[in-house]
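Provided herewith is a single structure, encoded as structure tokens, for subsequent inquiry.
The values are calculated or read from the model by the stated rules, or taken from the named source; none is laboratory data. As the structure is a computational prediction, the values presented were derived from the model and not from experiment. Counting neighbours? That spans all protein chains shown, and the Cβs are built from the backbone with ideal geometry, glycine included. Quick note on the areas: whole protein, heavy atoms, side chains included, nothing else; ligands and nucleic acids left out. Shrake-Rupley method; radii C 1.70, N 1.55, O 1.52, S 1.80 Å.
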Amino acid sequence: MAESTKQKTVVVGAGPVGALAALYAAGRGDNVEIYELRGDLRDPSTTPLNFTKSINLALSERGINSMKRANCPGLLEAVLDETIPMHGRMIHGQKSGEVYEESQSYDIHGRFIRAVDRAGLNKRLLDELEKMPNVKFFFNHKLTGADFKRNRAWFERRDSPRTDHAQNPTQGAESGRADEIEVSFDFMIGADGAHSAVRYHLMKFARMSYSQEYIDTLWCEFHIGPNEAGDFKMSPNHLHIWPGGDFMFIAIPSLDKTFTSTLFLPEPKFMELDTNGSAVITFFKENFPGVIPNLISEQDVTRQYSENPHLPLISIKCKPYHFKASVVIVGDAAHAMVPFYGQGMNAGLEDVRTLYEFLDAHNTSSVDPAERKAAREKALDEYTQQRAPDAAAINDLALRNYQEMRSDVRSPVYRFRKYVEERLNVYLPSIGWATQYSRVSFGSERYSEVEKAVQKQGKVLLGFLGMTMVTGLSWGGWWLWRWNRASHSGRFLSKWFYIMGNKVEQFGRRYT
Ligand code: FAD
């Protein structure tokens with residue numbers, strides 16, 4: 001494409017979703033500029049992202065597939081090389097004073113999710129971008145304003161030891177005040193996280209419906225070091241869970257043989273523990289068997305509890321995600337969710353793949369700017385129509401999955417349903433039965449379709465269970481009646497009814 005016909009795409013936010021979006025845009029020949037509030041996270045002097053974000057994450061099919069489609073040779077292999085397979089959950093508990101572990105595989109076909117270091121994944125994506133001649137980085141640039149009718153945005157430049165890759169901070173950007181620059185664009189992709197400034201400005205242009213919810217639970221991260229031999233202290237191929245009913249403690253493996261653990265606890269309980277240091281130790285000992293002292297010492301639990309931040313969890317839904325042909329929001333900016341399905345980043349990466357499927361399906365690479373604009377507007381419209389219900393579905397599923405992780409995993413009903421559904425999947429593949437977890441984590445079916453399919457499966461299972469019970473009871477009753485008539489000439493049942501009648505009468509007298 002001739003230089004003059006290239007479109008300028010500005011990506012706001014160089015987190016995992018923004019970086020992938022920039023790769024997709026650059027791969028299509030756009031001139032891409034990435035503006036990021038923080039410094040380059042590959043620079044050791046930059047405040048690590050995990051100051052406010054979890055250190056490691058669960059990467060699954062949707063995220064992997066979206067990176068595969070970025071057409072960057074070697075990218076996916078490099079990312080996957082630095083992951084640890086997690087084949088299932090390891091449930092930790094205590095029965096009759098004995099600490100136990102119970103492995104629950106994620107998938108009957110052996111498919112697994114992967115633990116990945118958030119910063120490592122993000123750095124890989126930035127490294128790929130760095131290789132592309134049509135990409136420019138602007139680190140330490142904060143979006144402060146945007147006019148989506150005139151396609152202009154304003155960024156505040158912040159001091160940093162390494163201003164940006166371009167050395168000259170205004171290179172590629174248009175002039176502005178010393179501390180603020182004005183930037184023009186054809187297309188802006190807002191990937192600036194849950195507290196998105198792009199979304200804030202988009203609201204002034206699009207008639208956006210918006211809702212957000214802070215759940216009652218806070219999270220606090222802990223670190224479990226390697227054992228004395230320098231190895232993992234527990235199985236590295238599981239996501240470890242200590243379910244607590246209303247709260248839980250989880251641990252995800254890291255390549256350096258450590259685990260990153262997270263305590264999810266209702267805020268009032270945090271406040272209760274905050275007032276007394278030793279209460280934290282008692283709480284851990286009572287609720288998370290085997291953690292103290294095997295995995296973390298008493299001192300470390302107390303220290304990490306008080307030093308590490310206790311952070312909130314937000315769930316955001318909004319619609320539309322775009323304004324005309326100018327701007328679209330993706331990732332947490334469009335649909336931050338609670339982390340209990342391990343899907344936040346995966347869904348964000350899938351946004352990028354889906355968005356570009358729509359853009360590619362229309363003539364957005366036309367050399368005629370007007371035609372390109374009209375095509376992009378159509379594509380963005382269709383993207384919002386499809387993606388908003390999908391994002392709403394995974395937001396809801398993520399909220400519901402908290403109940404499953406912190407409590408249901410121990411329930412026989414949950415295990416029975418999982419068992420039945422997995423057997424149906426294996427022995428009757430033609431009926432397309434699958435567990436909710438495998439639909440979400442090992443496939444690319446639309447989230448809203450997953451929600452519908454799982455509800456339908458639940459109804460069929462309940463109906464089947466109801467029918468089995470009615471048939472069983474009818475058959476049992478008929479058998480009892482025949483047996484009573486044949487062997488006791490009807491006396492057994494009359495006696496039984498007589499006794500039951502008396503009991504009901506006694507019960508009635510006592511409580512009326
Ligand atoms: P972010 O990662 O938030 O990146 C946004 C970027 O935009 C940042 O770099 C920020 O500095 C920049 N920015 C912000 N404002 C501006 C501005 N005004 N101007 C310029 N730049 C700006 N997801 C999973 O898939 N699997 C998991 O296992 C998982 N576990 C999680 C555990 C916890 C405890 C939490 C809290 C989340 C978890 N998530 C998980 C969710 C995941 O972290 C997010 O969905 C993901 O980070 C979103 O990526 P993003 O690029 O959209 O946003």
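Residue-wise test of (1) at pLDDT 95 or above; (2) more than 16 Å from residue 364 (Cβ to Cβ); (3) among the polar types (S, T, N, Q).
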residue: 3; (1), (2), (3): no, yes, no
residue: 12; (1), (2), (3): yes, yes, no
residue: 25; (1), (2), (3): yes, no, no
residue: 33; (1), (2), (3): yes, yes, no
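Can you give me the number of residues within segment 182-193 that are near the ligand (Cβ under 7 Å from one of its atoms) and either assigned to a strand (DSSP E or B) or among the polar types (S, T, N, Q) (or both)?
0
If a residue has to be under 15 Å from residue 12 (Cβ atoms) and either among the hydroxyl-bearing types (Ser, Thr, Tyr) or not in a loop (DSSP other than H, G, I, E, B) (or both) to count, how many in segment 194-214 make the cut?
Looking only at that region, the number is 7.
What is the one condition in (1) in the same structural domain as residue 205 (by TED's automatic domain parsing); (2) among the polar types (S, T, N, Q); (3) more than 16 Å from the ligand (Cβ to nearest atom) that residue 343 does not satisfy?
Of (1) in the same structural domain as residue 205 (by TED's automatic domain parsing); (2) among the polar types (S, T, N, Q); (3) more than 16 Å from the ligand (Cβ to nearest atom), only one is false for residue 343: (3).
Can I ask one more? Quick test of your reading of the structure: residue 269 fulfils all but one of (1) under 23 Å from residue 214 (Cα atoms); (2) touching a residue at least 24 places away in the same chain (Cβ under 8 Å). Name the failing condition by number.
If we test residue 269 against (1) under 23 Å from residue 214 (Cα atoms); (2) touching a residue at least 24 places away in the same chain (Cβ under 8 Å), just (2) comes out false.
If you don't mind, another one. Checking residue 272 against (1) within 18 Å of residue 100 (Cβ to Cβ); (2) exposed (fewer than 15 other Cβ atoms within 10 Å of the Cβ); (3) among the charged types (D, E, K, R), which single condition isn't satisfied?
It is condition (1) that residue 272 fails.
Given (1) open to solvent by 50 Å² or more (accessible area, probe 1.4 Å); (2) free of Cβ contacts under 8 Å to residues at least 60 places away in the same chain; (3) within 11 Å of the ligand (Cβ to nearest atom), identify the lone condition not met by residue 263.
Going through (1) open to solvent by 50 Å² or more (accessible area, probe 1.4 Å); (2) free of Cβ contacts under 8 Å to residues at least 60 places away in the same chain; (3) within 11 Å of the ligand (Cβ to nearest atom) one by one, residue 263 breaks only (1).
Looking at (1) away from the ligand (no atom under 11 Å from the Cβ); (2) over 18 Å from residue 19 (Cα atoms); (3) part of a strand (DSSP E or B), which is the one condition that is false for residue 149?
Result: residue 149 fails condition (3) only.
Taking residue 312 as meeting all but one of (1) within 10 Å of the ligand (Cβ to nearest atom); (2) open to solvent by less than 40 Å² (accessible area, probe 1.4 Å); (3) not charged (D, E, K, R), write down the number of the exception.
It is condition (2) that residue 312 fails.
Another question, then. Sort out which residues of segment 317-340 are more than 11 Å from the ligand (Cβ to nearest atom) and either modelled with pLDDT under 95 or outside any loop (DSSP other than H, G, I, E, B) (or both), and write them in order of number.
Listed by number, the residues that qualify are 317, 318, 319, 322, 323, 327, 328.
Okay, next question. Restricting segment 105-133 to residues that are in contact with an Asp or Glu (Cβ under 7 Å, 6 or more places away or on another chain) and not hydrophobic (A, V, I, L, M, F, W, C), which is surrounded by the most Cβ atoms within 10 Å (Cβ to Cβ)?
Taking the candidates together, the pick is 117.
For residues that are crowded, with 18+ Cβ neighbours inside 10 Å and either within 21 Å of the chain's Cα centre (by Cα) or without any contact (Cβ under 8 Å) to a residue 24 or more places away in the chain (or both), tally how many sit in segment 199-220.
The qualifying residues number 5.
Let me ask something else about it. For segment 25-41: of the residues being within 11 Å of the ligand (Cβ to nearest atom) and in a strand (DSSP E or B), which is surrounded by the fewest Cβ atoms within 10 Å (Cβ to Cβ)?
It comes out as 35.
Separate question: Only residues that are more than 16 Å from the ligand (Cβ to nearest atom) and within 19 Å of residue 440 (Cα to Cα): list them for segment 77-110, please.
Residues satisfying the conditions are 104, 105, 107, 108, 109, 110.
Do we have residue 306 as of a type in the set (Ser, Thr, Tyr) and outside any helix (DSSP H, G or I) here?
The answer is no for residue 306.
For residue 157, indicate whether it is open to solvent by 20 Å² or more (accessible area, probe 1.4 Å) and over 24 Å from residue 404 (Cβ atoms).
yes
When both residues are 6+ apart or on different chains and their Cβ atoms are under 9 Å apart, which pairs have a first residue that lies in segment 453-473 and is over 14 Å from residue 436 (Cα atoms), and a second that is open to solvent by less than 40 Å² (accessible area, probe 1.4 Å) and not in a helix (DSSP H, G or I)?
The qualifying pairs are 460/433.
Give the residue, chosen from 127, 159, that is outside any loop (DSSP other than H, G, I, E, B) and out of contact with any strand residue (DSSP E or B) (no Cβ under 7 Å at 6 or more places or on another chain).
After applying the criteria, what remains is 127.
Now for a separate question. Answer yes or no: is there a residue in segment 346-354 that is buried (at least 24 other Cβ atoms within 10 Å of the Cβ), more than 9 Å from the ligand (Cβ to nearest atom), assigned by TED's automatic domain parsing to the domain that holds residue 399 and part of a helix (DSSP H, G or I).
Yes, that holds for at least one residue.
If you check every pair at least six apart or on different chains, which have Cβ atoms under 9 Å apart with a residue in segment 83-99 that is farther than 10 Å from residue 240 by Cβ and free of Cβ contacts under 8 Å to residues at least 40 places away in the same chain first and a residue that is of a type outside the set (Val, Ile, Thr) and in a strand (DSSP E or B) second?
Partner pairs satisfying both residue conditions: 83/59; 83/114; 83/115; 83/117.
Could I ask something else about it? Residue 422: surrounded by 17 or more Cβ atoms within 10 Å (Cβ to Cβ) and either at pLDDT below 90 or more than 24 Å from residue 265 (Cα to Cα) (or both), yes or no?
Yes: the conditions hold for residue 422.
Residues of segment 52-76 being modelled with pLDDT of 95 or more, within 15 Å of the ligand (Cβ to nearest atom) and basic (Lys, Arg), which ones?
Listed by number, the list holds a single entry, 62.
Look through 500, 467, 405 and report the one residue that is of a type in the set (A, V, I, L, M) and modelled with pLDDT under 80.
500
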